[in-house]
1. Of all beta bridges DSSP finds with both residues in the range 207-335, what is the antiparallel percent, to the nearest 5?
2. Extending each Cα 7 Å along its Cβ direction at residue 19 and residue 354, get the distance between those two points in nm, one decimal.
3. Only helical DSSP H runs with n ≥ 4 go in: add -39500 (n - 2.57) per run for the chain, normalise by residue count and round the 222 nm mean residue ellipticity to 500 deg cm²/dmol.
4. Using a Förster distance of 22 Å, how high is the FRET efficiency between residue 392 and residue 57, based on the Cβ-Cβ distance and rounded to 0.05?
5. What aspartates and glutamates does residue 153 reach when the alpha-carbon gap must be under 12 Å and sequence neighbours fewer than 8 apart in one chain are set aside?
6. Nearest 5 percent is fine: what portion of the DSSP beta bridges confined to the chain is antiparallel?
7. Calculate, for the range 308-397, the solvent-accessible area per residue in square angstrom, rolling a 1.4 angstrom probe over the heavy atoms of the protein chains.
8. Mind giving me the FRET efficiency for residue 79 and residue 272? R0 is 56 Å, r the Cβ-Cβ distance, nearest 0.05 is fine.
Amino acid sequence: MRILVLNADYPRFLSWLYRRQPGLGSAGYAAQMAARNASLFGVADFYSRNFAALGHQAAEIHVNNPWLQAAWAREHGMAVRTEPSTAATGGAVLPAWLQRAAAPFKPMLRPLARKVGLSPKLDAQAENILLAQIEDFRPDLVLNQDTFHVDTKLMRRIRQIGNPTLIGQIGIAPSRGEDWAVYDLMMSQLSATVDFFRRLGVRAEVNHLAFEPAILDCLPPAPATDIDVSFVGTVSPDHRQRIALLEAVAERYDLKLFGNPPQALPAASPLHRCFQGEVWGADMYQALRRSKITLNSHIDMAGREAGNMRLFEATGVGAFLLTDFKDNLNTLFEPDREVAVWRSVDDCAAAIGRAIGDHGGRAAIARAGQARTMAQHTYRHRTAEILGFAESLRAPR
């Protein structure tokens, strides 16, 4: 099959990527795509490379990367409106049609952003470039991993180009009022989200996030573990439980937070002294490897289900992960053998106290967690699952 994966990047990551590589925004499409994938941020090209390894033609499109999309358009003879902007790189040219798409909120929080009128949807010219890419590639299967930039109306237009199989992937509560019936299949790591689609009469299956083993070949040598306790990720008003946990840990241990403090964090919060700034891609993996203990706390809306990216990123690079207990955690990792677990704030603090001086115990759990991830939680496993779903869809179509 010809498989096309649609994705989007955090605007803050795009800003970082193009600032650190002056002139990248003026480079060709292939050079920009190579630089973006070499960063190792997010899912990079992990889905397409594994689809290809399984014998299919596959490619990725980052629908909200204005420089990348403009480069493709120019190389294919499309006129692109551009104007100078300092929105991201201080000198790069940001296409005006995608400035709205670079609104500073995370994809996970886009449904909340919509409530206050910040739409992440692409405008007409951005949609036209994407549709031209669809026309050029002529996919048999489109895997849409950003159902907010590429909404169901746009997916219906994509359907009209060769009638490909449409699969959507979403990790949070879906937006209301969308015509999800356009999809042949919806996937999520959360069974509650899967149940939501099934109640609508849309076929849905569980498909978890993963780790790409090739990352290990791209990282520098493992650094010394000079960080006692770390957390790598977002701290926002949508992470109330996470903030409470981290504040309690910060009162007792030398906690290092890799991310940016939210504007709403009280001035008296002990977390202010913990922030180390943002880390992306390879730097993020190195921060995990530097940590004797790295913490995980799911976003509040995840409820009683485990499945966020940090589970697989941390275990994949061989870090000792202390994660919040969830009802389904044992289907992914064996608690207290492959990952350490906490069930309350006090329990987490006590677990840190026990583990921080137990190098042998931490190392054993880290090795077991990494082995489990390599055996069951890689992108090769996930893409094989998706191909199995697609095969079952092809017969009735």
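1. Roughly 10 percent of the beta bridges in the range 207-335 run antiparallel, per DSSP.
2. Here the modelled spin labels are 4.2 nm apart.
3. When only DSSP H runs of four or more count, the value is -11500 deg cm²/dmol.
4. 0.60
5. Qualifying aspartates and glutamates at Cα under 12 Å: 127, 178, 179.
6. Given both bridge residues lie in the chain, the antiparallel proportion sits at roughly 10 percent.
7. 42 Å²
8. After rounding, the FRET efficiency stands at 0.70.
The values are calculated or read from the model by the stated rules, or taken from the named source; none is laboratory data. Note that the coordinates shown come from a computational prediction; the quantities given were computed from them, not determined experimentally. Reconstructed Cβ throughout: ideal geometry from the backbone, glycine too, with neighbour counts over all protein chains shown. To get the accessible areas, we keep the full protein, side chains included, count just its heavy atoms, and leave off ligands, DNA and RNA. Shrake-Rupley method; radii C 1.70, N 1.55, O 1.52, S 1.80 Å.
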